[in-house]
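The values are calculated or read from the model by the stated rules, or taken from the named source; none is laboratory data. All values derive from a computational prediction rather than experimental measurement. Don't worry about glycine lacking a Cβ; one is built from the backbone with ideal geometry, like all the others, and counts go over all protein chains shown. Accessible surface areas use protein heavy atoms only, side chains included; no ligands, DNA or RNA. Shrake-Rupley method; radii C 1.70, N 1.55, O 1.52, S 1.80 Å.
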Amino acid sequence: LGRGPAAPRPLQPPLPVFPGCRGAQGRFAYKLLHDLFANYSSALRPVEDTDRALNVTLQVTLSQIIDMDERNQVLTSYLWVRQTWLDAHLTWDKDGYGGIDSIRIPSSYVWRPDIILYNNADEHFGGSMETNVVLRSDGHIMWDSPAITKSSCKVDVSYFPFDGQRCRLTFGSWTYNGNQIDLRNQLDTGDLTDFVENVEWEVLGMPAARNVITYGCCSEPYPDVTYTLLLRRRASFYIFNLLLPCIMVSFLAPLGFYLPADSGEKVSLGVTVLLALTVFQLLVAESMPPSESVPLIGKYYIATMTMITASTALTIFIMNVHHCGPGARPVPPWARRLILHHMARLCCVYEVGESCKSPQRALGGREGVGDAGGPGESPGEGQVGTEAGGCPWDHCLCHHDALLRNVGYIAGCFRRHRANQRRTGEWKKVAKVMDRFFMWVFFLMVFLMSVLVLGNAA
C-alpha cells in the first residue's frame, strides 16, 4: 500500500497581482518617466508665466567642520544642501499611474537653480554632488546634495586663543535675479541636529537671514540667503601648550634677582628665558595671519619679553654696583637713608650675606686685637720704658719717635683697609636690597600681566 507512486500534491492558487505590487509599479514608473520627459527641456525655467518669479526654498544642514585655516582665512565645512521648488511641467495624475506619488530620478534630468556659494574660496570651485531629486506628482522637486565647501571667512585673532569667529555662508543664484527666482530660507537657522563635534571649535549657532542686494553691475535685485556660523575656540589645547609654559617661564625671570651675584648665572638665566619666549612667539606667529591685529597671547609674549629684557639690564647694573671695588665712593646719604634703611626694612634684608659678613667679623676680631695690643698703646710703651730704663731719656728719644711713626703708619693702613671693606660691604648691601626689591616688583608685574590676559579672555 505504501510502496506505490506518491500522490501528486494539489497546486497552490497563484498570488493575486494588486495595482500596488512591484511589477505594476515598475511598469507605471517607466511609463511615467517616458511621458514626463517626452517634450521636457531642462534648459528653461519651469514656469507657466515667464513674468512671475519661481520660488526656491533653501535649507542648509551643517554636518562637520573639517578645517579652519586662520592664516589663509578659509573655512572648510561639510554641508547638506536642500533645495525645493515647483516645476509646472512635471505634474501627473497619480491615479493614472498606479498611485505613484513620487519618483527619484537623476538631477540632470530636470531644471535646477544655479544656487552657488558666493564666498567660495576653493580653487577648483567644486559644487554639489550629482545626486537624485525627489519629484512629486504636484510638481514639487526636492534636491538634497552633500557638498564640501571652502568659504572665505574674515578671521579676527585679537583674543587668540580665547577668540570667537563669525563665518558667513552666502548662497544665491548666479544668473537669475529676484524677478526670476525668489530665494528664501526654509528655517531661521541652519540645521545642527547631525553635527559632528569638532575638537577645536564649538558651534554656538547658525542663524539664517535673507538679503536682497542690488549690485553695481546690474539694476535688478539679487536675493541671497546668508548663514552666519558662530564659532568659539576650545582653548584648552593652547592653554596647556602655549600659555602655561609661558607663564611658568615668566616666573623664572624675577628669580634671577635672587641668585647670588658671585654665582655668575644671573645674566645667563635672563637670556635663556628670553630665548625660550622667542621660540613660543615664533610658534604663534606661524599659525596667525599676517595682519595688524596682534593676538592676545602675542601681546602677552611681547610684554613678558620686554619685562625680561628690562630685568636683564637691571641685573647688569646691580652686578656693577655689587662689584664696586675699594676705590669706589662712599654710599651717598640719601641712598643710605632710602635703600639701606627703608627699602631694606621693606624687603626684609637684614644681612649682607656670608660673603660680605665674614670680612666684617674678621675686622671685628682684628679691631679687638689692635685695641688690646694696640698701636703705640700701653704694652708698647711699657716695653719701651723697660728697655729704656737703664739709659737716659735723651739717648732713646730718636728710637721712640721712629717706633711711633711706624706704628702710626700701620694703624693708618689698617683703618683705611677697614674703611674700604666697610664701603664695599655697604655697596654690596645696596645691591642686595635692590635685587630683592626688583624681584618682588617683577613678580608683581608677571602676576598682573597673567591676570590681565585671563581677564581679557573672560
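Of all the residues in region 247-262, those that are open to solvent by 30 Å² or more (accessible area, probe 1.4 Å), within 26 Å of the chain's Cα centre (by Cα) and of a type outside the set (A, V, I, L, M) number 1.
Report yes if ALA235 is among the small types (Gly, Ala, Ser), open to solvent by less than 40 Å² (accessible area, probe 1.4 Å) and either within 30 Å of LEU79 (Cα to Cα) or assigned by the TED database to the domain that holds CYS167 (or both), otherwise no. Considered against the rule, which asks whether it is among the small types (Gly, Ala, Ser), open to solvent by less than 40 Å² (accessible area, probe 1.4 Å) and either within 30 Å of LEU79 (Cα to Cα) or assigned by the TED database to the domain that holds CYS167 (or both), ALA235 comes out as yes. Among the residues of region 141-157, the one identified as over 23 Å from ILE66 (Cβ atoms) and open to solvent by 30 Å² or more (accessible area, probe 1.4 Å) is MET142. Among the residues of region 203-222, the one identified as assigned to a loop (DSSP other than H, G, I, E, B), within 39 Å of the chain's Cα centre (by Cα) and surrounded by 13 or more Cβ atoms within 10 Å (Cβ to Cβ) is MET206.
Each row is one residue, and each column tells you yes or no for (1) at pLDDT 95 or above; (2) touching a helix residue (DSSP H, G or I) at 6+ places or on another chain (Cβ under 6 Å); (3) closer than 30 Å to LEU283 by Cβ; (4) assigned by the TED database to the domain that holds LEU36.
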| residue | (1), (2), (3), (4) |
| --- | --- |
| ASP69 | no, no, yes, yes |
| TYR78 | no, no, yes, yes |
| GLY98 | no, yes, no, yes |
| PRO106 | no, no, no, yes |
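The single residue among ASP182, ASP188, ASP194 that is over 35 Å from the mean Cα position of the chain (by Cα) and farther than 26 Å from LYS299 by Cβ turns out to be ASP182. Taking the criterion of being of a type in the set (Ser, Thr, Tyr) and part of a helix (DSSP H, G or I), the residues of region 246-285 that qualify are SER250, SER263, SER268, THR272, THR278. Of the residues making up region 272-295, just one is surrounded by 13 or more Cβ atoms within 10 Å (Cβ to Cβ), free of Cβ contacts under 8 Å to residues at least 60 places away in the same chain and over 16 Å from ILE247 (Cα atoms), namely ALA285. The conditions are (1) within 29 Å of VAL47 (Cβ to Cβ); (2) in contact with a Pro (Cβ under 8 Å, 6 or more places away or on another chain), and GLN180 fails exactly one of them. Which is it? It is condition (2) that GLN180 fails.
No other residue among GLU200, GLU265 is in contact with a helix residue (DSSP H, G or I) (Cβ under 9 Å, 6 or more places away or on another chain), within 22 Å of ASP163 (Cα to Cα) and surrounded by fewer than 17 Cβ atoms within 10 Å (Cβ to Cβ) apart from GLU200. Please determine whether any residue of region 310-326 is modelled with pLDDT of 80 or more, under 16 Å from the mean Cα position of the chain (by Cα) and surrounded by 13 or more Cβ atoms within 10 Å (Cβ to Cβ). No, every residue in region 310-326 fails to be modelled with pLDDT of 80 or more, under 16 Å from the mean Cα position of the chain (by Cα) and surrounded by 13 or more Cβ atoms within 10 Å (Cβ to Cβ).
Quick grid of which residues meet (1) of a type outside the set (Val, Ile, Thr); (2) more than 30 Å from LEU296 (Cβ to Cβ); (3) open to solvent by 70 Å² or more (accessible area, probe 1.4 Å); (4) assigned by the TED database to the domain that holds ALA208:
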position: ASP114; (1), (2), (3), (4): yes, yes, no, yes
position: GLY139; (1), (2), (3), (4): yes, yes, no, yes
position: TYR159; (1), (2), (3), (4): yes, no, yes, yes
position: PHE162; (1), (2), (3), (4): yes, no, no, yes
position: ASN177; (1), (2), (3), (4): yes, yes, no, yes
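Scoring HIS124 on the criteria (1) open to solvent by 20 Å² or more (accessible area, probe 1.4 Å); (2) touching a residue at least 24 places away in the same chain (Cβ under 8 Å); (3) not hydrophobic (A, V, I, L, M, F, W, C) leaves a single failure, condition (2).
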